[in-house]
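Undergrad: Take this structure first; my questions come after.
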Amino acid sequence: MHREIDQWYSPALNKNMEIAIWGHYGFALLMLPTAAADYLEYERFQMMDVLSHAVNSGKVKVFSINSINSESWLNKNMHPRHKAIRHTQFNEYVYNEVLPFIKSKTSPETPIITTGASLGALHAANLYFKRPDLIDGTIAMSGVYDLQTYTDGYYDEDVYFNSPIAYLPNLDDGHFLPRLRQARHIHLLSGSGAYESPEAARRFSEVLNSKGIPHELDIWGPDMRHDWPTWRAMLPHYIESKF
């Protein structure tokens, strides 16, 4: 499987940021790490092994970036307002730097789908729902779609606008909402086993239904816990069967 590592100094984040790339062709899959993990997390946990057929066959080209969660919501020593600012800078990094990079490595017409598990699912979904003009869909696994889950009670405008379950009910415009109502790839997945929150996926699905946004809600069984074996089963299944 073809693999590259690239990096650049991010103006948005004021630091060097790496990105891993697997494959040559196919739609672009942008992976967001869990918790405070890095851009090689998916490789370490054998996700790339189970995606190898889809990558090698040219169905998908995978891009994986670093998180900065340890510099924002997971940093217990940081003031909440500064965490919110850092989160906003991360969004700018993705929209203004990562997405153009992906297009340069694929084509202007290549669809970009975000994916992630756990906290990565929140980021993956949020990045898509905020900018459906730049991103074409999301596969969100085991997510909770309210950033307040991670803010220890802090709430401000940035928390609101990075919590899809909060801002989507109030979305009523002539630009983004029509795009979302034409979506083909919004997939909300959850297990029902230990440490999973299928009720969070169901609540978010209800919000999407109320806005007329087509999506797929898929709740897997009680044997599927909040862990890598679950996500290694979910993601290749969706890549192979839905794209």
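Undergrad: Conditions first: (1) outside any helix (DSSP H, G or I); (2) buried (at least 20 other Cβ atoms within 10 Å of the Cβ). Asp218 passes all but one, so which condition is the exception?
TA: (2)
Undergrad: Just to be sure, is Arg203 assigned to a helix (DSSP H, G or I), farther than 24 Å from Glu41 by Cα and charged (D, E, K, R)?
TA: In short, yes.
Undergrad: Those residues that are among the charged types (D, E, K, R) and farther than 17 Å from Pro33 by Cα, I need them from segment 222-243; list them, please.
TA: Matches in segment 222-243: Asp223, Arg225, Glu240, Lys242.
Undergrad: Testing Ser163 on (1) free of Cβ contacts under 8 Å to residues at least 24 places away in the same chain; (2) within 16 Å of Tyr145 (Cβ to Cβ), one condition comes back false. Which one is that?
TA: Ser163 satisfies every listed condition except (1).
Undergrad: Further question on the same structure: Would you pick out the residues in segment 182-228 that are closer than 16 Å to Leu122 by Cβ and without any contact (Cβ under 8 Å) to a residue 12 or more places away in the chain?
TA: Glu199
Undergrad: Another question about this same structure. Given Asp227, Asp172, Asp146, which one is over 16 Å from the mean Cα position of the chain (by Cα), of a type in the set (D, E, K, R) and farther than 28 Å from Ala54 by Cα?
TA: Asp172
Undergrad: Name every residue in segment 168-181 that is in contact (Cβ under 8 Å) with a residue 24 or more places away in the chain and surrounded by fewer than 17 Cβ atoms within 10 Å (Cβ to Cβ), in order of residue number.
TA: Pro169, Leu171, His175, Phe176, Leu177, Arg179, Arg181
Undergrad: Another question, then. Could you please find all residues in segment 182-214 being within 16 Å of Thr114 (Cβ to Cβ), surrounded by 14 or more Cβ atoms within 10 Å (Cβ to Cβ) and not hydrophobic (A, V, I, L, M, F, W, C)?
TA: Answer for segment 182-214, where residues must be within 16 Å of Thr114 (Cβ to Cβ), surrounded by 14 or more Cβ atoms within 10 Å (Cβ to Cβ) and not hydrophobic (A, V, I, L, M, F, W, C): His185, His187.
Undergrad: OK, next. When you go through Asn69, Asn56 one by one, which is the residue that is within 26 Å of Phe204 (Cα to Cα), touching a residue at least 12 places away in the same chain (Cβ under 8 Å) and of a type in the set (S, T, N, Q)?
TA: Asn69
Table: residues versus (1) farther than 30 Å from Glu240 by Cβ; (2) outside any strand (DSSP E or B); (3) among the acidic types (Asp, Glu); (4) touching a Cys at 6+ places or on another chain (Cβ under 9 Å).
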| position | (1), (2), (3), (4) |
| --- | --- |
| Ala20 | no, no, no, no |
| Tyr42 | no, yes, no, no |
| His53 | no, yes, no, no |
| Gly58 | no, yes, no, no |
| Arg81 | yes, yes, no, no |
| His87 | yes, yes, no, no |
| Tyr95 | no, yes, no, no |
| Val98 | no, yes, no, no |
| Phe101 | no, yes, no, no |
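Undergrad: Go through segment 28-49 and report how many residues are at pLDDT 95 or above and surrounded by fewer than 19 Cβ atoms within 10 Å (Cβ to Cβ).
TA: 7
Undergrad: Still on this model: Within segment 4-14, can one find any residue that is in contact (Cβ under 8 Å) with a residue 60 or more places away in the chain, surrounded by fewer than 17 Cβ atoms within 10 Å (Cβ to Cβ) and in contact with a strand residue (DSSP E or B) (Cβ under 8 Å, 6 or more places away or on another chain)?
TA: Yes - at least one qualifying residue is present in segment 4-14.
Undergrad: Between Asn69, Asn56, which is crowded, with 20+ Cβ neighbours inside 10 Å and either over 22 Å from Gly137 (Cβ atoms) or of a type in the set (Val, Ile, Thr) (or both)?
TA: So the residue among Asn69, Asn56 that is crowded, with 20+ Cβ neighbours inside 10 Å and either over 22 Å from Gly137 (Cβ atoms) or of a type in the set (Val, Ile, Thr) (or both) is Asn69.
Undergrad: Also: Do we have Gly212 as more than 17 Å from the chain's Cα centre (by Cα), at positive phi, in a loop (DSSP other than H, G, I, E, B) and of a type outside the set (A, V, I, L, M, F, W, C) here?
TA: Against the criterion (more than 17 Å from the chain's Cα centre (by Cα), at positive phi, in a loop (DSSP other than H, G, I, E, B) and of a type outside the set (A, V, I, L, M, F, W, C)), Gly212 qualifies.
Undergrad: What helices (runs of 4 or more DSSP H) completely inside segment 114-171 contain at least 1 residues that are among the β-branched types (Val, Ile, Thr)?
TA: Fully inside segment 114-171 and qualifying: 157-160, 164-167.
The values are calculated or read from the model by the stated rules, or taken from the named source; none is laboratory data. Quantities reported herein were computed from a predicted structural model and do not represent experimental measurements. Cβ: placed from backbone, ideal geometry, glycine included. Neighbour counts: every protein chain shown.
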